Every structure is written in C-alpha cells, then in structure tokens.
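In what follows, a structure is listed as structure tokens, so that the remarks can point back to it.
The values are calculated or read from the model by the stated rules, or taken from the named source; none is laboratory data. It should be emphasised that the depicted structure is a prediction, and the values quoted were computed from it without experimental measurement. As a convention, Cβ positions derive from the backbone with ideal geometry for all residues, glycine included, and neighbour counts pool all protein chains shown.
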Amino acid sequence: MESPATHEHAREGVPRVSRGLAVVACAGTAGLAVAVASQLAVSPAAVATPAEPRPSVSPSLTAAMQAEMMSDILPASPPITLTDPVTDGVGALTDAERQDVVAALDRLADESDLRMLVVYIESFDGTQPVDWANASANQSGLGTEDLVLAVATADGAFGISADTNVALTDAQLEQVDEAVAAAVADERWADAATDAADTVRETGGGSSVPWLVVALVAGGVLLVAALAFVVWRFVVPRFRGRLAGVGRRPQAAGPTADELAGLTLAELDERAASALVGIDDALKTCGQELGLARAELGESATRDFEVILARATADVREAFAIRQELDADGEARADFAAGDDATTEPAPDDPDRRAALAEVLALCERAADTLDAHTRAFDDLRRLQQRAPELLDDVVTREPEVAGRVATARSVLDELAGAYPAATLALVARNPEQAELLLTNAKEAVAAGRSALDAGQKAIAVSHARGAQNALGQAITLLDAIDTTAEHLQDAAARLDKAIASLTQDVAAARAVEGDFRVTLARTAAQAALKHVEVTREGGDPLEGLQRIAVAEASLDAALAFTRDLTEVRARASALLRDILGRVEAQLAQTGDFVATRRGAIGATARTRLAEAVRLADAARALQPTDPAAALGEAQRAGVVLREAARLARGDADAVVAAAEAAPAEEGGEANGPITGGMMLGGILLDPHLVRSRRRAGTARIGGGFGGGGFGGGRPITLRRLGTLRVRR
C-alpha cells in the first residue's frame, strides 16, 4: 500500500517531465523549421545564380603586385597567367589524355558553379606547391568559383588553390586532395586532373547541400541545447549530492587521447621510448644542421634558430627526466620483488605510470612541433635547392682531407691500445672503421645527388647533399674523438701522482683521529683505493684511477670535516669539485659523441641515463658558487649515471653491429643504395620516396635525420602522414 507522500511525489514529477519534453519538442520543431526553410530558400534558381559571396580575406592586388610579392618565395619558378583549362608545358599528357581532362573539366563546369584549371610544370624548384598555385591563381585574376590544380612531374608533387569563400567544405576538399595524391603518387598525370574534377563534381560543389547541412546542424544545436536544459533543470538536482561526492574524489591524471587510452601499459611504454629516441635524434640532427648554417651564414643569421632549438631541448630534457624517474621506480620495484620469495603476479595497469608516459609523449610532441614550425624558414635561410651543386662540390673537396686522417687515427689508437686496457678505449675503438664507412657513403650520396640534379630532381639532390654533409661531419667527430681521448688519458696520467699524494696526506691526517668509527671506515676505504691504483697503474686506466681516488677523498673529507674549520672544508670541496666536474664534462662529451654518431642503434634507456647525467652536471654547476659540498654530491652522482649510460650505449651499438655482421651480405646495400653501413648506424637515412612525397600541413614531419637531415622532425616514421600542403588563398 502506497503512502500519500509517495503519490504526491509521483504526481509532482509528471508535470516536470512533461514540461521538459515540451521544451524538447518545441526546440526540435524550431530546428526542423529552420532546416526546411533554409532548404526551400535555396531554389534551383538560386543555385544557378549564387548570392554575392562574402569578401575574400585575400587582398585584391594586380598581377604585377602579386608577382612582386611572390618574388622572394618563388625565386626560380615564377607563377604564370592561366588562360586555358589545361596548360601542359612539359608534355605530361598525350592528345587523348588531354581530351579526357578537358571533358572532365567541362562536366564540372556544366553540373556545378565551379571551374577548375589544371597546369603541369616540371618542378616547383623548392617552392611549396600551394604557394605556386596560389600565386598563379591570383596573377590570373581568378574568382571565388575557380580552383587551380598545379602538378610538378619531376617533383612528384602538387598543390591545390581554392578561394576562402569557395562552396566546398574542408571534408570535400580533403577528398579532392586524397584523390589527386593517389594519382600523382603513381605518376598518372591525366588521372590527377580527371579525378580532381570528378571528385569536386560528385561531392556536390556549388550545390545547395552545404546550406542544408548548416540548417540541419543549427536544428541539432537547438535540440542539444534544449535537452541540456532539461537535464540540468530536472535531472541534475536529483543527483547533485552524488555528483558532488564524485567531484571531491581525487582524479588520476591520464592520457586524454583515445589512441593512448586504448594502449596497454607496455605498448604505451614502448611508444614513449620510441618518441624519445625520435625527438632526441631530431635534436642532434638539428644541432648538426644549425652548425652548418652558422658556419655558412654567421651567428647573427642563426640566432633565432638557436633559441628555437634550446626551447625544444628543454622540453625533451623534461621528458627524459620523467623517464628517469619511471626507470628508477621500476628498478626499485624489481629489487623489492627479487627479495620476495613469493611468486610475483604481473603488475596491474598503473594509472600514475600511464599518466607520466602520456606526459612524456606530450612533451616530445611539443618539441617536435616547435622544430617543425620553423623547418621551412630554416630551409629558406640556407637556400639548399639553389645551392645543391655547391654543397655537393664542397663535400667532394673536403672528403680527401678527412680520409687522410683515418690512417693517423688508427696509428694513435694502436698506441693507446698498447698502453691502456681495452675497456678504456671502448667508446672509440671502432671509430676508424665507422668513419671509413661514412666517407664511402658520403661519396655515394654525392654521386646520387649529381644524378638527381641531371634529372632535374632538385629536392632529391638536396636530400643526398644533406646526407653527404652529415656523414662527413660525423666522420670528423669520430676522428676528433680519438685525439680527444688520447689527450684526456695523457692528462689523467699526469695528474694521477698529484691525486695520490693528496689522498695519502688525508690518510695520514685520519690516523691522528682515534675512536671515530666513520673516520676509520673512510680511512680504510682510502687505503684500499691507493693500493688498487698502485697495483693497476702500469697498463691500467688513469681515468678510472682518478675516479677511485676522488671518491675516497670525498668520503674522507666528509668524515674529517669536524676537525677542520669551515673555510678549509669549503676550499677542499671546491678543489675536489673542479677536478670531478671537469672529468665528468669530458666524459659527457665523449659519451655524447658516441651516441650522436651511432644514434641509429642507441635505445631510449642509454639516452635517458645520458640526459640524467647532463641534468646532474648542470645542477652541480649551478650549486658550485654557493654550496660546493652539495655540488660535489651532484657531480659524483653524474659520474655514476654517466658510466651507466656509456655501458648501455656500447651494448646497444655492439648488438646492432654484431647483428649486421651476422646477416647475409645480400641483405645490405644493393636494395638501399647509399643508406647502408655508416649512415645507417649514424642515423642518417636517405629515402627518396619520402623526399619526393607531398607534405600535409600540420601532420607531415619529414626531417630529423630522414632525407639526410633538416631542421625539424622527431616523430617515428610510422606516425608521419604524407600528403599535399594545401591552404586557402
């Protein structure tokens, strides 16, 4: 039996719901009325005679003014005035194909308000295809209903020019873009034009469909608004308390992208590692390109790009720092699990780790965007397409001098091998062989670049020129590293006597302090270090000996600090810090060169440790003036992490080289031409198909090692989309 209160509550709810449904019904009726009225308003007569278009955002300029404005953008391939439906200056079409194209253009003009003009040229000569198409359209005085398709047969590229007020939606233009891209990729020049015209016609260009869509969208918006009002007015109050409780609960930060949410934690981890490797390679390539530009043009011309690179580097360092924290947490968990006798079950999906990995991806993406946004400006600065012959000749001129250094480097390395253990020379042992491979690849790239120039393929020639330059630069770095290693070892051997004498004095001072267990322990460790260095001094590693002595001396200084005044403590810490920090910086440069010249093989973990060592060294330098004791601790940690980074990097490189040597010879260079050997290991990948492909605004990321280098890039190739760059004029 129901209570009166229940009946009263039920009766009270009926009018509320009814009023809400009435609001929805009224809004739906209004939306449908708007849609129908809009559809009826666009009669066939209106389609035939469109209303006055909105003013274009482009300025109204004469052809001469347009040509003058575009002179900086199009130095070698000026726009042309289009008068015929089809302009074929390179003989891309047969007579029959030309008739097919004209017929398709006529069908478009007969069945819609739009008109398309098609032009075939040999090359855009480094100009963005859309810039060339836009300039030609403006110079020809074309109107709102006119589209221009420009195809460069030698480049395998195209650009579509469409007015801001054209009666085509972005989705329709995207369909046209994809239709043309498929035909141009297969070098079906006639189909590129016919497919473009037919796609525009079939998608309803110039018809009343866009107005109907707008009207239906307006009606839908009204319906959604009405429904939202009903939910807010009548439903939310019933659950306000429950919703408030949910709002007070802490929400775990997680990836916002749907594709990341669908990945397992292992897959997300792999994606983040790949992103770190990609963007780190891009930074190294950008730095190399920037160095070349600085040498060519001076520091003032490249200062803005230095700032841009620094901004991207800061994001990548932050991403590596997050990755380092995740690795440290994973190692701690593994150690804990190793001490547990119970069988450990697979760890559940960790929302905190997932959020951190998503942040790593976001930082890598932001850094890539920072670089990619300035790719074209950097290329314009260097004017590579105009200077491609000069760049190729420069490599030919410099290569013999670098090649002559290989024999000298081998001789130096043989002398070092007779005096020091193999582990001391592990980072430079294979440098002469890698340098020779890079020089061979550089010569092959020059030959390929000259062939591309003879064929009129300037974009491909630039790719090979860049690859040859970068290969030559890496070879120089490898040979310089051998000379630098020899200098460091000689310097370390000279300073070893002084370090031994200093630690011996500290040990004597420690003997005078009795009854302090910490001093006794530090003194014993110092004596052991001195004994080890003495035994291994002949034929040993002086750098490793200095490291042992420095650790022992720092420990002994800390134990004896209470026996010394503050001034002496700070002075000793500063002196020891200078010694350790100088050695860490030298090892950072050596390990950094190793990774940079073998980045085709080095994985994310080694790079993460190297980035962490850089961070710790920076922290030590920042603390050095004010707190030398704290700075000393950071420098010592940097040394430990750096040695781990070097070990991991050597392991990665050795594994790749061993796999390559074990693979059959026929799997090598013939399929890929000049990208084998040294360039492959050095991360300099030449791919003419990528170079010749069209680039889609906002999604294309060709650079960072691909195409021989460039300012930009950082995304793994699997995440790069290729297409045309199309913007409205």
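Which condition breaks for Ser411 when tested against (1) touching a residue at least 60 places away in the same chain (Cβ under 8 Å); (2) out of contact with any helix residue (DSSP H, G or I) (no Cβ under 8 Å at 6 or more places or on another chain)?
The one condition Ser411 does not meet is (1).
Would you please list the contacts, defined by Cβ atoms under 7 Å and residues six or more apart or on different chains, that run from a residue in segment 91-120 that is polar (S, T, N, Q) to a residue that is outside any helix (DSSP H, G or I)?
Ser112/Gly205; Ser112/Gly206; Ser112/Ser207
Being touching a residue at least 60 places away in the same chain (Cβ under 8 Å), of a type in the set (S, T, N, Q) and either within 23 Å of Leu283 (Cβ to Cβ) or not assigned by TED's automatic domain parsing to the domain that holds Thr591 (or both) narrows it down to one of Thr375, Thr424, so name that one.
Details: Thr424 fails: either within 23 Å of Leu283 (Cβ to Cβ) or not assigned by TED's automatic domain parsing to the domain that holds Thr591 (or both).
Checking each option against the conditions leaves just Thr375.
For segment 551-580, how many residues are part of a helix (DSSP H, G or I) and closer than 20 Å to Pro625 by Cα?
To start, the set of residues in segment 551-580 that are part of a helix (DSSP H, G or I) comprises 551-563, 566-580.
After this cut, where a residue has to be closer than 20 Å to Pro625 by Cα as well, the list is 554, 557-558, 561, 566-580.
Looking only at that region, the number is 19.
Among the listed residues Ala452, Ala435, which satisfies the condition of being under 19 Å from Leu384 (Cα atoms) and either in the same structural domain as Thr597 (by TED's automatic domain parsing) or touching a helix residue (DSSP H, G or I) at 6+ places or on another chain (Cβ under 6 Å) (or both)? Talk me through it step by step, then tell me what you get.
Values: Ala435 fails: under 19 Å from Leu384 (Cα atoms).
Going through Ala452, Ala435 in turn, the sole match is Ala452.
In segment 399-409, how many residues are exposed (fewer than 15 other Cβ atoms within 10 Å of the Cβ) and not polar (S, T, N, Q)? Step through it out loud before you land on a result.
Step one: filter segment 399-409 for residues exposed (fewer than 15 other Cβ atoms within 10 Å of the Cβ), giving 400-401, 404, 407-408.
Among the residues that remain, those that are also not polar (S, T, N, Q) are: 400-401, 404, 407.
Qualifying residue count for the region: 4.
Give me the pairs: first residue in segment 496-517 and outside any loop (DSSP other than H, G, I, E, B), second residue surrounded by 10 or more Cβ atoms within 10 Å (Cβ to Cβ) and of a type in the set (Val, Ile, Thr), beta-carbon distance under 6 Å, and six or more apart or on different chains, which are they?
That search, which allows pairs on different chains as well, returns Ala499/Ile549; Leu503/Ile549; Ala510/Val519.
Does Leu556 satisfy the condition of being surrounded by fewer than 21 Cβ atoms within 10 Å (Cβ to Cβ) and outside the structural domain of Ile322 (by TED's automatic domain parsing)?
On the way: surrounded by fewer than 21 Cβ atoms within 10 Å (Cβ to Cβ): no; outside the structural domain of Ile322 (by TED's automatic domain parsing): yes.
Answer is no for this residue.
Answer yes or no: is there a residue in segment 536-546 that is loosely packed, with under 15 Cβ neighbours inside 10 Å and either assigned to a helix (DSSP H, G or I) or at pLDDT 90 or above (or both).
For segment 536-546, residues loosely packed, with under 15 Cβ neighbours inside 10 Å and either assigned to a helix (DSSP H, G or I) or at pLDDT 90 or above (or both): absent.
When segment 264-285 is examined, which residues are found to be over 11 Å from Cys364 (Cβ atoms) and assigned to a helix (DSSP H, G or I)? Talk me through it step by step, then tell me what you get.
Start the filter on segment 264-285 by keeping residues that are over 11 Å from Cys364 (Cβ atoms), which leaves 264-270, 281, 284-285.
Listed by number, the residues that qualify are Leu265, Ala266, Glu267, Leu268, Asp269, Glu270, Asp281, Lys284, Thr285.
Which residue, of Leu577, Leu530, Leu581, is touching a Leu at 6+ places or on another chain (Cβ under 7 Å), at pLDDT 90 or above and either charged (D, E, K, R) or crowded, with 20+ Cβ neighbours inside 10 Å (or both)?
Working: Leu530 fails: either charged (D, E, K, R) or crowded, with 20+ Cβ neighbours inside 10 Å (or both); Leu581 fails: touching a Leu at 6+ places or on another chain (Cβ under 7 Å).
Going through Leu577, Leu530, Leu581 in turn, the sole match is Leu577.
So which residues in segment 76-114 are of a type in the set (Gly, Ala, Ser), surrounded by 13 or more Cβ atoms within 10 Å (Cβ to Cβ) and modelled with pLDDT of 90 or more, if there are any at all?
Ala92, Ala104
Would it be correct to say that Glu553 is of a type in the set (Asp, Glu) and either within 21 Å of Asp483 (Cα to Cα) or at pLDDT 90 or above (or both)?
Numbers: of a type in the set (Asp, Glu): yes; either within 21 Å of Asp483 (Cα to Cα) or at pLDDT 90 or above (or both): yes.
Yes; evaluated as a whole, the condition is true for this residue.
Mind checking which helices (runs of 4 or more DSSP H) fall wholly inside segment 596-715 and carry at least 3 residues that are over 24 Å from Ala452 (Cα atoms), touching a Pro at 6+ places or on another chain (Cβ under 8 Å) and at pLDDT below 75?
Once the helices (runs of 4 or more DSSP H) in segment 596-715 are filtered for at least 3 residues that are over 24 Å from Ala452 (Cα atoms), touching a Pro at 6+ places or on another chain (Cβ under 8 Å) and at pLDDT below 75, nothing remains.
Residues are listed down the side, and each one gets a yes or a no for (1) at pLDDT 80 or above; (2) under 14 Å from Leu82 (Cβ atoms); (3) surrounded by fewer than 20 Cβ atoms within 10 Å (Cβ to Cβ):
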site	(1), (2), (3)
Ala137	yes, yes, no
Gly159	yes, yes, no
Asn165	no, no, yes
Leu168	yes, no, no
Ala171	yes, no, yes
Asp186	yes, no, yes
